[in-house]
Amino acid sequence: MYLLLPVLLAGCGGDPEDDIPPQHWQGYVVDLQTRPAPAVRGMNEFIVLISREDGKPPDGRKFIVSLRVDESNPWKQMIQDGYMGVFRRAARVDDPDKQVLNVQIQRNNDLGYLRFPLKGPVHPATGAQG
């Protein structure tokens, strides 16, 4: 039994390659999670978590978050899950090795864009409208 414990504990942690590093926008940390993780070909659920730099949730009523897979697809508004900075939406992924999830964040009159590669190295966020 004790020999299996390290194997069981190793299965509890995520694979570091599956983790998508968080990005920052106007003093907030923006984290992306996928279901399943990592993203696969077909429909995937995307969860965007927005928190303050100190880890506390923001006032979620201030944000409108939209997503699109690649620049050629239209923006789709994410569904706000309560007022804790959690937003959800499903989208189709055709090639998770090459595609990028674009996230648009609107807060009052401020508009920001972040790019999250579904796999591979992180591309820096750009301020360019997409």
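Of the chymotrypsin sites (Phe, Trp or Tyr not before Pro) found in the range 22-95, those that fall in a DSSP loop while having at most 15 other beta-carbon atoms within 10 Å are TRP75, TYR83.
Taking a point 7 Å from the Cα of ARG41 along the Cα-to-Cβ direction, the residues of the range 80-123 with backbone N closer than 17 Å to it are 92-100, 118-119.
For LYS76, the lysines whose Cα falls under 22 Å of its own Cα, not counting residues fewer than eight places away in the same chain, are LYS62, LYS98, LYS119. In this simple spin-label approximation, GLU71 and GLN106 carry label points 7 Å from Cα along the Cα→Cβ vector, and these lie 2.1 nm apart. Taking the Cβ of SER66 as the centre, find all other residues whose Cβ is under 10 Å away and add up their charges (Lys, Arg: +1; Asp, Glu: -1). Charge balance in the 10 Å sphere: +3. Loop-located trypsin sites (Lys or Arg not before Pro) across the range 15-76 with a Cβ neighbour count of 13 or fewer within 10 Å are ARG41, with loop assigned by DSSP. Each of ASP94, ASP81 has some number of other Cβ atoms within 10 Å of its Cβ, and from fewest to most they run ASP94, ASP81.
FYI, it's all coordinate maths here, none of it is from the lab. Quick caveat: nothing in here was measured; it's all calculated off a predicted structure. Positions of Cβ are backbone-derived with ideal geometry, glycine not excepted, and every protein chain shown enters the neighbour counts.
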